[in-house]
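A.B. asks: If you scroll down you'll find the structure; I have some questions about it.
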Amino acid sequence: MEEDKARNTSCEAIDFGIEAYEAINGGLVKGMKVVGDLYERQEYFIPEVLLCSDALTAGLEVLQPHLPVDGNKAAEKVVIGVVQGDTHDIGKNLVKIMLEASGFEVYDLGRNVPLQDFAEKALEVGSRIIGMSTLMTTTMDGMRTVIDDLKKRGIRDEFLVIIGGGPISPAFAKEIGADLYAPDANSAARKLKELLE
Ligand code: B1M
């Protein structure tokens, strides 16, 4: 819950020679998993969870500049966002960071994104990759709507759709016709790069 402590500990991690990626995953993300458990056990409530996500973000700001950036620019554009109705954006932000570190040019639509905006933005900026994130079962069907709309407009084949987030599974990705599912930020970047190579 303490932003300053998250910031200072992140600085210390770098000073100790810990890789930024390891500090993010083994420190900040691991911490948020503990927060999730405490929330489920009703030991933490929304205000505590919010303070923890602010602390995670503070640490992330320190660590992100230390991530090695892939000099071999993929020069591929990715439009990414959290689907309509969902305001959880920590996971999406991590995916964005890993994509940027892997050389992708990321257009971040933010959270609670109106479903039609994914295709509109991708067409506007000339991106052939659309990434969608959600953490809630109540909003995951929005991903299907985005893909169905692409089909209705006859432009489905022009895009590579990658999805992820807590309730998302490979089976769901297959069911709605997404091209890729990634369980975490690192694999999202890796899988996209592999597919484009
Ligand atoms: Co809320 N929340 N929350 N929450 N929250 C969950 C998701 C929940 C599982 C908690 C619970 O009940 N056990 C639950 C959803 C239940 C469900 O749908 N089945 C829930 C709920 C219900 C809610 C509210 C409705 C609560 C309320 O108001 N009563 C509300 C949502 C309002 C809304 O959006 N409309 C709410 C609010 C909040 C906070 C604002 C307090 C805060 C969010 C702050 C923020 O994001 N800026 C919050 C948080 C932090 C959580 C938990 C505790 C942690 C989520 C998180 O950040 N994890 C969460 C409990 C849990 O997950 N166990 C919970 C860390 C993050 C790094 O992981 O996001 O999974 P994750 O991302 C990973 C992968 O999933 C993957 O890579 C990421 C990094 O490796 N990934 C992708 C994610 N997107 C990807 C996209 C890809 C590929 C991979 O390709 C494009």
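The values are calculated or read from the model by the stated rules, or taken from the named source; none is laboratory data. Bear in mind the structure is a predicted one, so any value in this text is a computation, not a measurement. Note: ideal-geometry Cβ built from the backbone for every residue, glycine included; neighbour counts use all protein chains shown. Protein only, heavy atoms only, side chains kept; ligands, DNA and RNA dropped before computing areas. Shrake-Rupley method; radii C 1.70, N 1.55, O 1.52, S 1.80 Å.
A.B. asks: Only one of GLY110, GLY103, GLY142 is in a loop (DSSP other than H, G, I, E, B) and modelled with pLDDT of 95 or more. Can you tell me which?
C.D. replies: When all the criteria are applied, what remains is GLY110.
Condition check ((1) hydrophobic (A, V, I, L, M, F, W, C); (2) open to solvent by less than 50 Å² (accessible area, probe 1.4 Å); (3) out of contact with any helix residue (DSSP H, G or I) (no Cβ under 7 Å at 6 or more places or on another chain); (4) farther than 18 Å from VAL95 by Cβ) across all residues:
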site: LEU123; (1), (2), (3), (4): yes, no, yes, yes
site: MET136; (1), (2), (3), (4): yes, no, yes, no
site: ASP141; (1), (2), (3), (4): no, no, yes, yes
site: GLY154; (1), (2), (3), (4): no, no, yes, yes
site: PHE159; (1), (2), (3), (4): yes, yes, no, no
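A.B. asks: Step by step: first the residues of region 47-76, then only those that are within 14 Å of the ligand (Cβ to nearest atom) and more than 21 Å from the chain's Cα centre (by Cα), then the one that is most open to solvent (accessible area, probe 1.4 Å). Which residue is that?
C.D. replies: PRO47
A.B. asks: Within region 153-174, can you find the residues that are more than 16 Å from GLY126 (Cα to Cα), within 12 Å of the ligand (Cβ to nearest atom) and not in a helix (DSSP H, G or I)?
C.D. replies: Of everything in region 153-174, those that are more than 16 Å from GLY126 (Cα to Cα), within 12 Å of the ligand (Cβ to nearest atom) and not in a helix (DSSP H, G or I) turn out to be ILE162, ILE163, GLY164, GLY165, GLY166, PRO167, ILE168, SER169.
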